[in-house]
Amino acid sequence: MAGNTFGRIFTVTSFGESHGPAIGCVVDGCPPGLALSTDDIQHDLDRRKPGTSRHVTQRQESDTVEILSGVFEGQTTGTPIALLIRNEDQRSRDYGNLIDTFRPGHADYTYWQKYGIRDHRGGGRASARETAVRVAAAAIARKWLREKHGVVIRGYLSQLGPYELAFKNWDTVGQNPFFSADPDIVPKLESFIDELRKDGDSVGARITTVAEHVPVGWGAPVYEKLDAELAAAMMSINAVKAVEIGSGFASVSQRGSEHGDELTPEGFVTNHAGGILGGVSTGQDIVVTIGIKPTSSIRIPRRSIDKQGKSVMVETTGRHDPCVGIRATPIAEAMMALVLMDHALLHRAQNADVTTKTPKIAGSINRTASQEKSSAALKISPDPAEA
């Protein structure tokens, strides 16, 4: 199976399956001299791991990361960093009835047709279990980006099913199981998910991710556009079906006089472009929103076929998230970090010596404590020091 390596300079090659003995990755291209320990990685893994609340899968995994190579005396050496996370709570028997059938909405049918063999236990390689190693690898990228450039990457749940969530405060995102920036709506979300679980059904979600303090100039104007690579990275996350940069689909109804972000000596007036113009970062906050489909594993019987092509009914049992988007915020943050890390190193390789006489303007003069997209402007959050 090809296609398991992400990036060009800062690369991540992942391995493992949902019910195998372990999952892991090899991170190559990390600059030497970065102070790194398991504690730097574990925090982000703990934000993503299953079993953290009654609203997500009850699979109990500690997601304890091991650093096998690439770090000596607490610093990266520039050699490949191998990370390992052992699987501890597989219940493969839950998937015994899926050996000869294909679950609707899953990769079962396409994997079988492409490879002629598949691991039916929990989706095997197609399982979102694999995203844990992306989060682990991205923790390294996030630390380097923060220390070298002051880049801060954060995300929040902006919609759960029919409920659109207002952005009120970054501080509340880590204080509830939904990664909601609106604490007042959390009880309503809890009731909604409880009822959904009783019904045996699922729902989708929308997640907004923001990278602050990204320097102007990262990216490329043609085939390696920063927004194109961010979109591809986000689409590589399990269950993601839509990506918006900046105002996204709202741009369709906007006029050019409204959408184009005007420049002043004090900064950009708006950020409809989401911090990227012509495939290159503007110095504004980079804003990416993803749409996640409903969980395909549900208890409601669905029509399908078996390996002989005969009609069957499939009812998925086992431990599943009624909304995979609830735990996806750290994953979206991770993919943004991996893309930005790669482009930071690419920019350093070719353009580190480039200077212009034009001053670099401030990111935005419209920095408010909101992430909501309106017809007037895509408002941007305050600097951490200003919050």
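The values are calculated or read from the model by the stated rules, or taken from the named source; none is laboratory data. Please read these numbers as outputs of a predicted model, since none were measured by experiment. Methodologically, a virtual Cβ is constructed for each residue, glycine included, from the backbone with ideal geometry; neighbour enumeration extends over all protein chains shown.
For first residues located in region 112-135 and closer than 14 Å to GLY16 by Cα, partners that are among the aliphatic types (A, V, I, L, M) and in a helix (DSSP H, G or I) and lie 6+ apart or on another chain with Cβ distances below 6 Å form the pairs HIS120/LEU98; THR131/ILE331; ARG134/ALA334. Here THR295 passes the criteria (1) under 27 Å from THR329 (Cβ atoms); (2) surrounded by fewer than 21 Cβ atoms within 10 Å (Cβ to Cβ) except the one numbered (2).
Scanning region 105-138 for residues being modelled with pLDDT of 85 or more, within 24 Å of the chain's Cα centre (by Cα) and farther than 30 Å from GLY33 by Cα gives a total of 7.
Here's the yes/no breakdown for (1) surrounded by fewer than 20 Cβ atoms within 10 Å (Cβ to Cβ); (2) in a loop (DSSP other than H, G, I, E, B); (3) basic (Lys, Arg):
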{"residue": "ASP119", "(1), (2), (3)": "yes, yes, no"}
{"residue": "GLY123", "(1), (2), (3)": "no, no, no"}
{"residue": "ALA136", "(1), (2), (3)": "no, no, no"}
{"residue": "TRP144", "(1), (2), (3)": "no, no, no"}
{"residue": "GLY174", "(1), (2), (3)": "yes, no, no"}
{"residue": "GLU195", "(1), (2), (3)": "yes, no, no"}
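Of all residues in region 23-37, none satisfies the criterion of being surrounded by fewer than 19 Cβ atoms within 10 Å (Cβ to Cβ), under 12 Å from VAL65 (Cβ atoms) and either touching an Asp or Glu at 6+ places or on another chain (Cβ under 9 Å) or charged (D, E, K, R) (or both). Filtered by the rule that a residue be farther than 26 Å from GLU164 by Cβ, touching a strand residue (DSSP E or B) at 6+ places or on another chain (Cβ under 6 Å) and of a type in the set (Asp, Glu), region 185-236 gives no residues. What are the residues in region 149-172 that are surrounded by 20 or more Cβ atoms within 10 Å (Cβ to Cβ) and of a type in the set (A, V, I, L, M, F, W, C), if any? Selection gives VAL151, ILE153, LEU157, LEU160, LEU165, PHE167. Among residues belonging to region 1-29 that are among the β-branched types (Val, Ile, Thr) and assigned to a strand (DSSP E or B), point out the one that is nearest to the chain's Cα centre (by Cα). Taking the candidates together, the pick is VAL12. Sub-9 Å Cβ pairs linking a first residue in region 235-250 that is under 15 Å from ALA126 (Cα atoms) to a second residue that is among the hydroxyl-bearing types (Ser, Thr, Tyr) and modelled with pLDDT under 95, at least 6 apart or interchain, are ILE237/THR131; ASN238/SER127; ASN238/THR131; ALA239/THR295; ALA239/SER296, ordered by first then second residue. Summed over region 250-274, the residues that are surrounded by 11 or more Cβ atoms within 10 Å (Cβ to Cβ), out of contact with any strand residue (DSSP E or B) (no Cβ under 8 Å at 6 or more places or on another chain) and hydrophobic (A, V, I, L, M, F, W, C) give a count of 1. Only residues that are under 27 Å from HIS106 (Cα atoms) and of a type in the set (Ser, Thr, Tyr) were counted across region 220-265, and they come to 1.
Kindly check whether there is at least one residue in region 208-218 that is out of contact with any His (no Cβ under 7 Å at 6 or more places or on another chain), outside any helix (DSSP H, G or I), acidic (Asp, Glu) and surrounded by 16 or more Cβ atoms within 10 Å (Cβ to Cβ). Scanning region 208-218, I find at least one residue that is out of contact with any His (no Cβ under 7 Å at 6 or more places or on another chain), outside any helix (DSSP H, G or I), acidic (Asp, Glu) and surrounded by 16 or more Cβ atoms within 10 Å (Cβ to Cβ), so the answer is yes.
Every condition in (1) closer than 24 Å to LYS360 by Cα; (2) in contact with a helix residue (DSSP H, G or I) (Cβ under 9 Å, 6 or more places away or on another chain) is met by THR208 except one, and the failing one is (1). Counting only residues that are assigned to a loop (DSSP other than H, G, I, E, B) and in contact (Cβ under 8 Å) with a residue 12 or more places away in the chain, region 309-329 holds 10 of them.
Yes or no: region 24-35 includes at least one residue that is of a type in the set (A, V, I, L, M, F, W, C) and at pLDDT below 95. Checking region 24-35: not a single residue is of a type in the set (A, V, I, L, M, F, W, C) and at pLDDT below 95.
Of (1) modelled with pLDDT under 95; (2) within 28 Å of GLY204 (Cα to Cα); (3) small (Gly, Ala, Ser), GLY267 satisfies all except one. Which? For GLY267, the failing item is (2).
Residues being in contact (Cβ under 8 Å) with a residue 60 or more places away in the chain and surrounded by fewer than 22 Cβ atoms within 10 Å (Cβ to Cβ) are entirely absent from region 181-188. The requirement of being surrounded by 21 or more Cβ atoms within 10 Å (Cβ to Cβ), assigned to a loop (DSSP other than H, G, I, E, B) and among the hydrophobic types (A, V, I, L, M, F, W, C) is fulfilled nowhere in region 330-339; no residue meets it. Taken over region 258-281, the residue count meeting the criterion of being at positive phi and part of a loop (DSSP other than H, G, I, E, B) is 4.
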